[in-house]
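What follows is one structure encoded as structure tokens, with my remarks underneath.
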Amino acid sequence: MTTPLDDFVCFAMYTASHATTQAYREVLRPWKLTYPQYLALVVLATGERTVSSLGDDLGLDSGTLSPMLRRLETRGLVQRQRDDADERVVRVSLTDAGRATHADVMDAVGCLVPAFQQGGDLGALVRQLAAITESMRTLAGELRTAG
């Protein structure tokens with residue numbers, strides 16, 4: 001059955017995003033992690049970040065990021081520490097438990113990769129989605145200033 005939405009690129013992206021989030025939710029369930037928490041672990045596995053730079057990496061504002069980090073810290077997966085040179089700056093890093101959880105989760109999410117490989121190059125897909133994202137952000141900014 002077809003609907004008027006079947007030819008809308010935006011609807012295809014919306015439903016793909018929704019289905020992807022649902023699949024990740026199921027894979028992450030044993031660790032009681034949300035998708036944004038998982039993404040934070042992925043970024044922090046590459047090294048310590050300031051809370052501000054982590055927010056930039058994840059596209060999250062401090063009102064969303066701080067409670068999320070507090071929950072991860074309570075669970076012993078991350079640690080936050082004020083910078084010695086500038087107490088306004090808070091640094092966040094994975095704990096040993098966070099590194100172990102990250103490793104386990106990365107193994108588990110591997111089951112999702114084939115769903116992204118629908119006869120194409122994953123790198124090309126990521127680049128195309130990044131270009132669309134950037135174009136839409138630019139357009140949204142232009143529309144905001146014009147309106």
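The values are calculated or read from the model by the stated rules, or taken from the named source; none is laboratory data. Every value quoted in this text rests on a predicted model; they were computed, and no experiment measured them. A quick note on method: Cβ atoms are made from the backbone with ideal geometry, for glycine too, and the neighbour counts reach across all protein chains shown.
Assorted remarks:
- Matching option when the condition is under 23 Å from HIS18 (Cβ atoms) and among the hydrophobic types (A, V, I, L, M, F, W, C), among LEU44, LEU60, LEU72: LEU60
- For segment 89-147, the candidate set comprises residues that are free of Cβ contacts under 8 Å to residues at least 40 places away in the same chain and among the hydroxyl-bearing types (Ser, Thr, Tyr); within that set, the residue that is farthest from GLU26 (Cα to Cα) is THR145.
- Qualifying residues in segment 9-25 (those that are hydrophobic (A, V, I, L, M, F, W, C) and surrounded by fewer than 12 Cβ atoms within 10 Å (Cβ to Cβ)) - the one farthest from THR101 (Cα to Cα): VAL9
- Residues that are modelled with pLDDT under 95, under 17 Å from the mean Cα position of the chain (by Cα) and not in a helix (DSSP H, G or I) do occur in segment 61-73, at least one of them.
- The one condition in (1) outside any helix (DSSP H, G or I); (2) surrounded by 12 or more Cβ atoms within 10 Å (Cβ to Cβ); (3) among the hydroxyl-bearing types (Ser, Thr, Tyr) that THR46 fails to fulfil: (2)
- Residues in segment 94-126 that are of a type outside the set (A, V, I, L, M, F, W, C), farther than 14 Å from TYR38 by Cβ and modelled with pLDDT under 95: 7 in all.
- Pairs linking a residue in segment 51-66 that is assigned by TED's automatic domain parsing to the domain that holds GLU87 to a residue that is surrounded by 16 or more Cβ atoms within 10 Å (Cβ to Cβ) and assigned to a loop (DSSP other than H, G, I, E, B), with Cβ atoms under 9 Å and 6 or more positions apart or on different chains, are LEU54/LEU60.
- Complete set of residues in segment 74-84 that are over 13 Å from LEU54 (Cβ atoms) and of a type outside the set (S, T, N, Q): ARG75, GLY76, LEU77, ARG82, ASP83, ASP84
- Qualifying residue in segment 63-82 (condition: closer than 30 Å to SER135 by Cβ and not hydrophobic (A, V, I, L, M, F, W, C)): yes
- Here LEU28, LEU58, LEU5, LEU72 are screened, and the one residue that is surrounded by 11 or more Cβ atoms within 10 Å (Cβ to Cβ), of a type outside the set (D, E, K, R) and under 18 Å from THR95 (Cβ atoms) is LEU72.
- Residue in segment 139-146 that is more than 19 Å from VAL78 (Cβ to Cβ), surrounded by 10 or more Cβ atoms within 10 Å (Cβ to Cβ) and within 20 Å of the chain's Cα centre (by Cα) present: no
- Residue within segment 37-44 that is under 29 Å from LEU125 (Cα atoms) and not aliphatic (A, V, I, L, M) present: yes
- For segment 75-107, the set of residues classified as surrounded by 15 or more Cβ atoms within 10 Å (Cβ to Cβ) and either polar (S, T, N, Q) or touching a Cys at 6+ places or on another chain (Cβ under 7 Å) (or both) consists of GLN79, SER93, THR95, THR101, listed by residue number.
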